[in-house]
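Step one of this worksheet: look at the structure below.
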Amino acid sequence: MFTKEDNDLIYKEFESLRLASLKRCANKEEYEGVVRAFEFANEAHKGVRRRSGEPYILHPIAVAKIVVQEIGLGYKSIVTALLHDIVEDTEYTVEDISRLFGEKVASLVDGLTKIKSAMDTNHNKAQGGDKNAKLSENQEKSLQAENFKRILLTLNDDVRVILIKLADRLHNLRTIDSMPERKKDKILSETMYIFIPLAHRLGLYSIKSEMENIWLRFRQPDDYAYIQKKLAIYTQEKSCDIDRFIEPIEKILKKEGYKFTISKRTKTPYSIWRKMQNKGIQFDQIYDLFAIRIIFEPKEGITERQQCYDIFSLISADYISKPDRLRDWVGRPKSNGYEALHCTLMSTLGNWMEVQIRSRRMDEIAERGLAAHWSYKGVQKNESELDNWLNMVREVLENPDVSALEFLDKFHASLLSSEIYVFTPTGESKKLQKGATALDFAYYIHSKIGERAIAAKVNLKLVPLSHVLQNGDQVEIITAETQKPKREWLDFVTTTKAKRLIYDSLKADIKNAIKEGQNALDQALAKLGVTPQNRVFKKLLLEYNLNNKDELYNKIGTGLIDLSELEKVLKKNNENKFVKFWNLQFFFGNSDKEKDDQEGDDTQNEAKRPKVDKKKDYLLEENPLDKTLSYKAAECCNPIPGDPIIGFLDDNNEVVIHKKVCPHAISLASRQGGKIVNAKWTKHTILSFLARIGLKGIDRIGIVNEITKYITLVLSVNIRKIHFETHDGIFEGYIDLYVHNTEDLEMIMKRMLKIKGVESATRTDIKE
């Protein structure tokens, strides 16, 4: 039972929610509904505690506070947030909720209950809730993807379900410390793969940024701490400079009669870290750490858009602007509804400063996203880009032919895609995702134009339908009545709409091609004496860069894949890059030791390996006797001992490790969270692992020779590869070398900085 201190805390937290709710309740009846929902939830969760030890009711209260204070939703959403775990965790039903709080609240609670059930892989192991039931391989692989599809189906019912779910996920992240490691890995990966992009696409900037920072704090704790420390020092040092920069701006805006506020914003730790990773630079090399935000109250009789331009004109009279850094999202808002004018100005102290110019309405939408967007819909006559995106998602969701895994990939791509603007021959502007082709544009205009397209004119120049469009292109589609959709079109169109329409047209032909391809492959494998097992398909899908068996069969059936090379493909070795002197053979190995039957060796190896208990720590060890490892290191990210890692149990009962920040690992954890293994490093002293150091500095005669000699002779480290380029007195390049762990690597990079001329030494990804 709860103590007096527990009850005092509960009512204290509810009091702050109650005060916040007063502003969102239209009348006394709604306010009383919030109070009733709290009392009901408090009684239902009575005596129940979270893993952290705090009363469980504090979680729904916290979610409700995020809903009202940070997203800006109203009465029904507040009540739903308070009740969102009732049906899942207590004896109460949706019917009980409907009777007590109305049909709409019950519908929202039902949607959230389905989401929670869907995301619990154990809960969904089998129909009827049998947690011990065995799933087939395909079921296991698509389980989480199917769950996400179910979650997003709620967009068709009421998008508030998604918004409340984002609030729920945010609070879970705020309290993630109390969770076991495997659950942390699953939640953090799902968050990065789906929820962060979703928050971005829905315009919830504050929530997105906080999720990103929490992700970084747990995925790269050392980097996070380093950036936080440097940011605090920088802010303290530059605060006065920023104030001096703002002062003339305030004077001129006041003189022109504007009502406004100016705030100082620093880049978030995550955005700084991402920039450091993408550009291979240090913290001190990032010049736009600060942003100045001008938020104005619009004057009557002048459009907000025009006032943004007027303010820019006023402040650029005192400060020189950087033309290539002007971002006009006032004239052309982002697809998440974001509107603002961004410019970069040179301060009197010689520093570039980013200035963001927004109206009060624009700022509200930028911070609160979808909820604020709907609040202002009465002001806007036309559908926004956010509405268009939501309609696109609904269109994909309603397509029964899209598999769960395919849907998840397409949805993830839609969340991250950038936009370009292209023009019709009459000058009408159209927005497409970056990378769209002329054929995508044709289908965007109309399905009939897409089906009959034979070529295009881009900027009056004749181009094929596969031509990738650029921002500002003017496009004319050439059609012919006799033209029909072709299979090869699926290889270069990028938009969901075009792919769906082409697939629908070719459905019958594709089914026949898949059948013919399957028969052809079965016959070819039989001739080679190879049984069509999963490992065979994995090798073929990897070789031809395909997603599933149907794609493979289709390409074989249509003649795009020549089976005359099948034996050569199957015998190709997959050489792992991380071991110094040993080649670990996969699949068709060539060593005498592994001349076992090709069809049975996987089964035999699996039998030799002890069963991995995913609930316990799995120790990553080396065997000094035969120089082998108890795990496999993923080639996509090349983790080395000391890296923050995440493990996955593959189909052969082997543990494969990835860096926690590896995009492939994030995708895997989002798809197959049930296969996560809590992997832990042990000391490695025998085997060496490949790593890459990126170097940059001032060129001089003999500097590369000095670097390599120092590594090999002084540090006694073996080098695998060297690549350097020089231009205009600057050298840059990389060295691939073998180390035992991250400590060795850090020591080498510090030593490199002592060599005259070397300005930076950073670890970089091995991309080939």
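The sole residue among 242, 207, 227 that is part of a helix (DSSP H, G or I) and at pLDDT below 90 is 242. Residue count for region 610-632 under the criterion of being of a type outside the set (Asp, Glu), surrounded by fewer than 13 Cβ atoms within 10 Å (Cβ to Cβ), modelled with pLDDT under 75 and within 25 Å of residue 740 (Cα to Cα): the result is 2. Once region 355-369 is narrowed to residues that are within 23 Å of residue 471 (Cβ to Cβ) and under 26 Å from the mean Cα position of the chain (by Cα), the residue that is surrounded by the most Cβ atoms within 10 Å (Cβ to Cβ) is 362. Scanning region 311-341 for residues that are surrounded by fewer than 16 Cβ atoms within 10 Å (Cβ to Cβ), more than 35 Å from the chain's Cα centre (by Cα) and not β-branched (Val, Ile, Thr) yields 313, 314, 316, 317, 318.
Screening 722, 703, 730 for residues that are in contact (Cβ under 8 Å) with a residue 40 or more places away in the chain and under 21 Å from residue 763 (Cα atoms) leaves exactly one candidate, 703. Would you please name the residue that is farthest from residue 99 (Cα to Cα), looking only at residues in region 16-42 that are loosely packed, with under 11 Cβ neighbours inside 10 Å and not aliphatic (A, V, I, L, M)? Of everything passing the filter in region 16-42, 23 is farthest from residue 99 (Cα to Cα).
Scanning region 198-215 for residues that are touching a residue at least 60 places away in the same chain (Cβ under 8 Å) and surrounded by fewer than 20 Cβ atoms within 10 Å (Cβ to Cβ) yields 205, 206, 209. Do we have any residue at all in region 182-191 that's part of a loop (DSSP other than H, G, I, E, B) and surrounded by fewer than 21 Cβ atoms within 10 Å (Cβ to Cβ)? Checked against the condition, which is being part of a loop (DSSP other than H, G, I, E, B) and surrounded by fewer than 21 Cβ atoms within 10 Å (Cβ to Cβ), region 182-191 yields no hits at all. Among the residues of region 246-273, the ones that are at pLDDT 90 or above and outside any strand (DSSP E or B) come to 19 in all.
The condition of being assigned to a helix (DSSP H, G or I) and surrounded by 13 or more Cβ atoms within 10 Å (Cβ to Cβ) holds for only one of 509, 522, that being 509.
Give the residue, chosen from 201, 169, 244, that is assigned by TED's automatic domain parsing to the domain that holds residue 268, farther than 18 Å from residue 267 by Cβ and not small (Gly, Ala, Ser). Every option except 244 fails the conditions. If a residue must be of a type in the set (A, V, I, L, M) and in contact with an Asp or Glu (Cβ under 7 Å, 6 or more places away or on another chain), how many such residues does region 330-360 contain? Total satisfying the criteria: 3.
Somewhere in region 726-749, is a residue in contact with a helix residue (DSSP H, G or I) (Cβ under 9 Å, 6 or more places away or on another chain), surrounded by fewer than 19 Cβ atoms within 10 Å (Cβ to Cβ), closer than 13 Å to residue 704 by Cβ and aromatic (Phe, Trp, Tyr)? No, that holds for no residue.
For every residue, the table says whether it meets (1) exposed (fewer than 15 other Cβ atoms within 10 Å of the Cβ); (2) among the basic types (Lys, Arg).
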position	(1), (2)
425	yes, no
428	yes, no
445	no, no
450	no, no
454	yes, no
464	yes, no
487	no, yes
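All conditions but one from (1) touching a residue at least 40 places away in the same chain (Cβ under 8 Å); (2) of a type in the set (Val, Ile, Thr); (3) assigned by TED's automatic domain parsing to the domain that holds residue 563 apply to residue 494; the one that does not is (3).
So that you can scan it fast, the table gives a plain yes or no per residue for (1) of a type in the set (D, E, K, R); (2) not in a strand (DSSP E or B):
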site: 616; (1), (2): yes, yes
site: 638; (1), (2): no, yes
site: 643; (1), (2): yes, yes
site: 647; (1), (2): no, no
site: 656; (1), (2): no, no
site: 667; (1), (2): no, yes
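When region 750-765 is filtered for residues that are buried (at least 18 other Cβ atoms within 10 Å of the Cβ) and not in a strand (DSSP E or B), only 752 remains.
Strands (runs of 3 or more DSSP E) fully within region 391-500 that include at least 3 residues being over 25 Å from residue 197 (Cβ atoms) and either at pLDDT 85 or above or over 24 Å from the mean Cα position of the chain (by Cα) (or both): 453-458, 461-463, 475-479.
Would you mind telling me which numbered condition in (1) assigned to a helix (DSSP H, G or I); (2) over 25 Å from residue 430 (Cα atoms) residue 504 fails? The single condition residue 504 does not satisfy is (2).
Residue by residue, here is whether (1) modelled with pLDDT of 85 or more; (2) closer than 15 Å to residue 249 by Cβ holds:
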site	(1), (2)
312	yes, yes
321	yes, yes
325	no, no
340	yes, no
359	yes, no
362	yes, no
366	no, no
382	no, no
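Checked against (1) within 30 Å of residue 216 (Cα to Cα); (2) at pLDDT below 75, residue 656 passes all but a single condition, namely (2).
Of everything in region 557-586 that's in a loop (DSSP other than H, G, I, E, B) and of a type in the set (D, E, K, R), which residue is modelled with the highest pLDDT?
In the first step, residues of region 557-586 are kept if they are in a loop (DSSP other than H, G, I, E, B); the result is 558-562, 572-586.
When the remaining residues are screened for being of a type in the set (D, E, K, R), the result is 562, 572, 575, 577, 580.
Details: 562: 84, 572: 69, 575: 40, 577: 36, 580: 34.
Among those that are in a loop (DSSP other than H, G, I, E, B) and of a type in the set (D, E, K, R), it is 562.
Could you count how many residues in region 716-725 are in a strand (DSSP E or B) and loosely packed, with under 13 Cβ neighbours inside 10 Å?
Going through region 716-725, the residues in a strand (DSSP E or B) turn out to be 719-725.
Those left that are additionally loosely packed, with under 13 Cβ neighbours inside 10 Å: 721, 723, 725.
Counting residues in region 716-725 that are in a strand (DSSP E or B) and loosely packed, with under 13 Cβ neighbours inside 10 Å gives 3.
Of everything listed in (1) in a strand (DSSP E or B); (2) touching a Gly at 6+ places or on another chain (Cβ under 9 Å); (3) over 17 Å from residue 280 (Cα atoms), the single unmet condition for residue 743 is (1).
The values are calculated or read from the model by the stated rules, or taken from the named source; none is laboratory data. Since the model is a prediction, treat every value here as computed from it, not as a measurement. Every residue, glycine as well, gets a Cβ built from its backbone with ideal geometry; the counts of neighbours run over all protein chains shown.
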